[in-house]
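J.: I have a structure here, written as structure tokens, and I will follow up with some questions on it.
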Amino acid sequence: MQNGPAVRRRKLGAELRALRTGAGITSGEAARLVGWHQSKVSRIETGASGVKATDLRALLDAYDVRDAQLRELLLVLAGSEDTGGNDRWWHAYRGVLPPTYRDFISLESQASAMRTLETTVVPGLLQTPEYARAVTRAAVKDLAEDRLDTLVAVRLARQDVLRSASPLRLSAVLDEAVLRREVGGPEVMARQLERLAEDARLPQVRLQVLPFRAGAHVGLTGPFVVFSFPSTSDLDVVVVDQLTSSLYLERKEDLEAYSEAFNSLQMHALSPEDSLDYIAAIGDGA
């Protein structure tokens, strides 16, 4: 099983190797440019070791990488809290959030697009505060009220990516069970359905419902998320949640398989327009 940091190191290393070769520089030349031993460059490029922000910037300068967005993303992949002043708000919750959740948020914050299949609950980026509280309380046993408040606050803060200057493009396919499962009681669920309809009208959101009548489908194996990033598709990653951890998939064949699965789900799901009508009908008691 692969965890987030290991995947990020390998992706970062592969991208640095591509940037170096694209600049026509050998690993030995790169080492001399930044004053290192060649083995350090090799360890970073293979993902065997991490890289500090100052060292990463030195490499990017040596490779004449001037794309600010790409530099920012690579710093995030390096796990750096020093990302040029860009607000990494979740670092304030390091003592509360598990590492895998922090990794997920960091990827979400830098992704240009996100494709997600949900089979049980509304995606976190589209949840109301009341729904988020009910889901979190049910998912985490014996949760103290102050920690519950913190986790809900984090969930709501994540939603800013949909309304930033360069918003995340969200494509979501929701199984009908998500809409019919009464989370938090009738009033909470009614408001959540209204919120889904509101968010579905945002230009950066594409929401589709997979109705029960669609029958068996590839998504029956469980929910997943595919993150896509600006500048290069080589950094794309699939995240599959499990009970106690998350599985990060980075191989080209895995990305292709999950992308094909998502395309298939979209084809079997209702159109965005019909999905809005379906949500409204369920909200009216249909």
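The values are calculated or read from the model by the stated rules, or taken from the named source; none is laboratory data. Computed from a predicted model, the values in this text were never measured in an experiment. Cβ coordinates were reconstructed from backbone atoms using ideal geometry, including for glycine residues, and neighbour counts include every protein chain displayed. We work out accessible area using only protein heavy atoms, side chains counted, and drop any ligands, DNA or RNA first. Shrake-Rupley method; radii C 1.70, N 1.55, O 1.52, S 1.80 Å.
J.: Which three lengths, in whole Å and largest first, does the chain cover when its Cα atoms are put on their principal axes?
T.: The Cα atoms of the chain stretch 69, 42, 35 Å along their principal axes.
J.: For the modelled label position 7 Å from the Cα of residue 191 along Cα-to-Cβ, which residues of region 126-145 have backbone nitrogen atoms closer than 11 Å?
T.: 128-134
J.: Let me ask another. Taking only Cα atoms and a 10 Å spring cutoff, compute GNM fluctuations for the chain and point out the largest among 76, 41, 225.
T.: Among 76, 41, 225, the largest GNM mean-square fluctuation belongs to 41.
J.: Sticking with this one: Defining a contact as two alpha carbons under 8 Å apart and six or more residues distant in sequence, what relative contact order in percent does region 136-286 show?
T.: Working: 142 pairs, mean separation 35.8, N = 151.
Normalised by residue count, the contact order of region 136-286 is 24 percent.
J.: I'd like to compare 63-70, 258-265: which one has the highest average count of other Cβ atoms within 10 Å, and what's the full order after that?
T.: Descending packing order for the listed peptides: 258-265, 63-70.
J.: Using a Förster distance of 30 Å, how high is the FRET efficiency between residue 216 and residue 68, based on the Cβ-Cβ distance and rounded to 0.05?
T.: 0.05
J.: What do you get for Rg/Rh over region 121-194 if you use C-alpha atoms and the Kirkwood form of Rh?
T.: 0.98
J.: Could you work out how far apart the two model spin labels at residue 55 and residue 156 are, taking each label as a point 7 Å from the Cα in the direction of the beta carbon, and quote it in nm?
T.: Placing both labels 7 Å beyond Cα along the Cβ direction yields 4.1 nm.
J.: Hey, with R₀ at 45 Å, roughly what FRET efficiency would residue 241 and residue 32 work out to, going by the Cβ-Cβ distance, to 0.05?
T.: 0.55
J.: What is the percent of Cα-Cα separations in region 106-246 that go past 22 Å?
T.: Beyond 22 Å sits 41 percent of the P(r) for region 106-246.
J.: Right, another one. With a 10 Å radius around each residue's Cβ, average the other Cβ atoms per peptide and rank 179-188, 117-126, 269-278, highest first.
T.: 117-126, 269-278, 179-188
J.: How do 175, 61 rank by accessible surface area computed with a 1.4 Å probe, from largest to smallest? Walk me through the intermediate numbers first.
T.: On the way: 175 20, 61 100 Å².
Putting 175, 61 in descending order of accessible area: 61, 175.
J.: Right, another one. Once neighbouring chains are kept in place and the probe is 1.4 Å, which whole percent of the accessible area of region 184-243 is contributed by carbon and sulfur?
T.: On the way: 1580 of 2930 Å².
Carbon and sulfur: 54 percent of the exposed surface of region 184-243.
J.: Do the sum for the chain: with -39,500 (n - 2.57) for every DSSP H run of n ≥ 4, divided by all residues, what is the mean residue ellipticity at 222 nm, to the nearest 500 deg cm²/dmol?
T.: My calculation for the chain gives -15500 deg cm²/dmol from helical runs alone.
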